[in-house]
Amino acid sequence: MSAMPNSHEALIRNRSRLNGRVALLGASTPALLAELPSGGMAMSEHAGQAAALATQNHWQVCFGYDDPELTASGFDTVVVFLPKARAELDLRLSLARWLAAPGASLIVIGEKKEGIAGAVKQFKAIAPAATKVDSARHCQVWAASDLAPLPDFDLAEWMAWNTVSLAGCSIDVCGLPGIFSQGELDDGTALLLETLVSSPLKAERLLDFACGAGVIGAWYQAWQRAQGSAPSIVDGVDVQSQAVICARATYERTGAQGNIMASDGLSQVEGFWPAIVTNPPFHTGVKTDTSMTENFLREVSRHLKSRGELRLVANSFLPYESLIKRFIGPVERLYEDRRFTVYRAVRR
């Protein structure tokens, strides 16, 4: 059990509370499902975790909040693990209420460092009689049976649209709770886009890795059209369900062209591109975690055409330059300040 998150271990400690048909929202490891052999439904918004969960027998696995296999009023016990973003918890709790059968119990589990204290306030807003039933593994376990089910759950109602403007070009961008940089253009992406203005890519098609809400692809194509140029097709890939959903919505509204894919890293991506751009993540929860980008740099040459270009923006303190040189080729710094560096590398 040591490989599991503390919250998952806390649930196993309280498995006697799992009655009837069980749904787990935010499950992250198949080791948890293996400890609960009676089965049920497990939802993850992380493509890699969803694929791993699907290896367990007796469990129906759903990817993200819009999975068509999610059904109303189907579960007697719904377990909610805390997401990284507080705003996403309200979304997850609403899905839980829609999934819950009449009289169902709802269990919320999270660690202190994940913000369980604040999460309890959100939980009690929909279940005033919720009580703490256990404290274990630095976690609190809260339960309620006075849940008011939701008759409808429409993800579109959670979407928010914001305008992103740069270099005289503006686009509308879709957002959902939990997505990176919702409602604003983060500084790193803005710098990457500025280098696309000052040093445009010579590629008819490119890939945006960790595409988020589709800002890079949609804005770049809109800017190219504004310059009177034929826009590049920009495919996108992201590990998070909300990102894939938002990127597709952003592309549809802005008229951008490209395929948006769900993949953990590049593991489920096939094809070659003459250029790849990215503002990759470097956090897992609140911890700095560069492993996703390091794996990406090891794998990216398999998807980059000969003499193809990688353009990457990252916080300047992150140790990416040596990896780029090692796995791709010579590196140039297109922009650098105390916070960010934009790298350009050409595959050998």
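The values are calculated or read from the model by the stated rules, or taken from the named source; none is laboratory data. A quick note: this is a predicted structure, and the numbers were derived from the prediction, not measured. A quick note on method: Cβ atoms are made from the backbone with ideal geometry, for glycine too, and the neighbour counts reach across all protein chains shown. Heavy atoms of the whole protein, side chains included, go into the accessibility calculation; ligands, DNA and RNA do not. Shrake-Rupley method; radii C 1.70, N 1.55, O 1.52, S 1.80 Å.
Within the group Ser135, Ser145, which residue is over 30 Å from Val237 (Cα atoms), surrounded by fewer than 17 Cβ atoms within 10 Å (Cβ to Cβ), in contact (Cβ under 8 Å) with a residue 40 or more places away in the chain and not basic (Lys, Arg)?
Ser145
Within the set Leu334, Leu323, Leu297, the sole residue that is open to solvent by 10 Å² or more (accessible area, probe 1.4 Å), in contact with a helix residue (DSSP H, G or I) (Cβ under 7 Å, 6 or more places away or on another chain) and in a helix (DSSP H, G or I) turns out to be Leu323.
When the residues of segment 97-126 are filtered to those that are out of contact with any Pro (no Cβ under 9 Å at 6 or more places or on another chain) and in a loop (DSSP other than H, G, I, E, B), the one that is most open to solvent (accessible area, probe 1.4 Å) is Lys112. Looking at segment 191-198, can you tell me whether even one residue there is open to solvent by less than 60 Å² (accessible area, probe 1.4 Å), of a type in the set (Ser, Thr, Tyr) and touching a helix residue (DSSP H, G or I) at 6+ places or on another chain (Cβ under 9 Å)? So far as segment 191-198 goes, no, none of its residues is open to solvent by less than 60 Å² (accessible area, probe 1.4 Å), of a type in the set (Ser, Thr, Tyr) and touching a helix residue (DSSP H, G or I) at 6+ places or on another chain (Cβ under 9 Å). Considering only residues in segment 63-84 that are hydrophobic (A, V, I, L, M, F, W, C) and open to solvent by 30 Å² or more (accessible area, probe 1.4 Å), the one that is nearest to Gln240 (Cα to Cα) turns out to be Phe63. Among residues of segment 243-266 being over 25 Å from Arg344 (Cβ atoms) and in a loop (DSSP other than H, G, I, E, B), the one that is most open to solvent (accessible area, probe 1.4 Å) is Asp264.
Kindly state which strands (runs of 3 or more DSSP E) lie completely within segment 133-242 and contain at least 3 residues that are at pLDDT 95 or above and under 16 Å from Thr254 (Cα atoms).
160-166, 169-175, 233-238
Listed by first and then second residue, the pairs with beta-carbon distance under 7 Å, at least 6 apart or on different chains, first residue in segment 286-299 and farther than 13 Å from Leu310 by Cα, second modelled with pLDDT of 65 or more and part of a helix (DSSP H, G or I), are Glu294/Leu323.
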